[in-house]
1. If I go through the range 29-64 residue by residue, how many of them are open to solvent by 40 Å² or more (accessible area, probe 1.4 Å) and of a type in the set (Phe, Trp, Tyr)?
2. Considering Ala109, Ala92, Ala105, Ala80, which residue is within 17 Å of Phe125 (Cα to Cα), away from the ligand (no atom under 15 Å from the Cβ) and surrounded by 15 or more Cβ atoms within 10 Å (Cβ to Cβ)?
3. Suppose the filter is free of Cβ contacts under 8 Å to residues at least 60 places away in the same chain, surrounded by 11 or more Cβ atoms within 10 Å (Cβ to Cβ) and out of contact with any strand residue (DSSP E or B) (no Cβ under 8 Å at 6 or more places or on another chain); does Gly99 pass it?
4. Is at least one residue of the range 174-181 farther than 23 Å from Gln213 by Cα and within 18 Å of the chain's Cα centre (by Cα)?
5. So, in the range 140-156, of the ones that are open to solvent by 60 Å² or more (accessible area, probe 1.4 Å) and in contact (Cβ under 8 Å) with a residue 12 or more places away in the chain, which residue ends up farthest from Arg179 (Cα to Cα)?
6. Being more than 23 Å from Leu131 (Cα to Cα) and surrounded by fewer than 18 Cβ atoms within 10 Å (Cβ to Cβ) is the requirement here; does Leu24 meet it?
7. Among the candidates Arg58, Arg162, single out the residue that is basic (Lys, Arg), more than 20 Å from Val178 (Cβ to Cβ) and modelled with pLDDT of 95 or more.
Amino acid sequence: MINGLTVKVCGITRWADAELALELGADYIGMICYAKSPRAVTLEQARDLCNRIPAGKRVFVDVATGTDELENFADLGFDAFQLHFDLDLSLATVAAWSGIVGPEALWLAPRLPVEEDFPQPILEFADTVVLDAHSKAVYGGSGQTGDWGRFADLSTLYQHKRWVLAGGLSPENVAEAVRQSGATMIDVNSGVESSPGVKDPARLRALFAALGQLAQ
Ligand SMILES: O=C(O)c1ccccc1NCC(=O)[C@H](O)[C@H](O)COP(=O)(O)O
């Protein structure tokens, strides 16, 4: 935690990037197991990274994971499960995820178009919500910034949940994003990359330097 802010660095595919992020103060490391992502890790890479990243910090990231598949991944040693999904996914599936990993380990990331209401019923099943920028093209890692005002409103309305701000965060905009959104937890991915799945050490350092300068 840096200046009261919990930080997840996502899209990690290499131990060297995870090691630097952890050294700089990352609280969580996200590994994307969604095969269509340009940052996808294989099962072997995920296993290897899970063995090296300290317990409590390993986040599985995927899209609309099947329940059998989720049970298998839960055995790999992940500590949290960030699941992206479209709004037409059944609540029964969300409930099943929660039953498998537990609400405390389930991070729900609904793909939320700007014109849609937040799907409030999902809150029954998870303690953490990731509010990512909406993209029709991808489920995450778009590099687009979201609606920081909407984040502020939702996280105030449902303050019994932990809210994670995601979408296009970078060393250049993170201070303003935190100021406008009131976020206490952020998720950073393409804003600190040199190419998809490869972190840029200078940008990672710049991000944490910017966070270090946030007023508490
Ligand atoms: O990053 C991906 O390729 C991805 C693909 C499918 C589901 C989730 C994905 N990323 C999830 C993340 O946690 C990202 O950090 C989040 O979307 C923010 O990404 P960015 O806008 O690049 O900071």
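The values are calculated or read from the model by the stated rules, or taken from the named source; none is laboratory data. No experiment lies behind these values; they were computed from the predicted model shown. Using ideal geometry, Cβ is built from the backbone for each residue, glycine included, and neighbour counts are taken over all protein chains shown. Note: accessible area is taken over every heavy atom of the protein model, side chains too, but ligands, DNA and RNA are not part of it. Shrake-Rupley method; radii C 1.70, N 1.55, O 1.52, S 1.80 Å.
1. Number satisfying all stated conditions: 1.
2. Working: Ala109 fails: away from the ligand (no atom under 15 Å from the Cβ); Ala92 fails: surrounded by 15 or more Cβ atoms within 10 Å (Cβ to Cβ); Ala80 fails: away from the ligand (no atom under 15 Å from the Cβ).
Testing whether each residue is within 17 Å of Phe125 (Cα to Cα), away from the ligand (no atom under 15 Å from the Cβ) and surrounded by 15 or more Cβ atoms within 10 Å (Cβ to Cβ) leaves just Ala105.
3. When the stated conditions are applied, Gly99 passes them.
4. No, every residue in the range 174-181 fails to be farther than 23 Å from Gln213 by Cα and within 18 Å of the chain's Cα centre (by Cα).
5. The selected residue is Gln144.
6. For Leu24, the condition - more than 23 Å from Leu131 (Cα to Cα) and surrounded by fewer than 18 Cβ atoms within 10 Å (Cβ to Cβ) - is not met.
7. Values: Arg162 fails: more than 20 Å from Val178 (Cβ to Cβ).
Going through Arg58, Arg162 in turn, just one is basic (Lys, Arg), more than 20 Å from Val178 (Cβ to Cβ) and modelled with pLDDT of 95 or more: Arg58.
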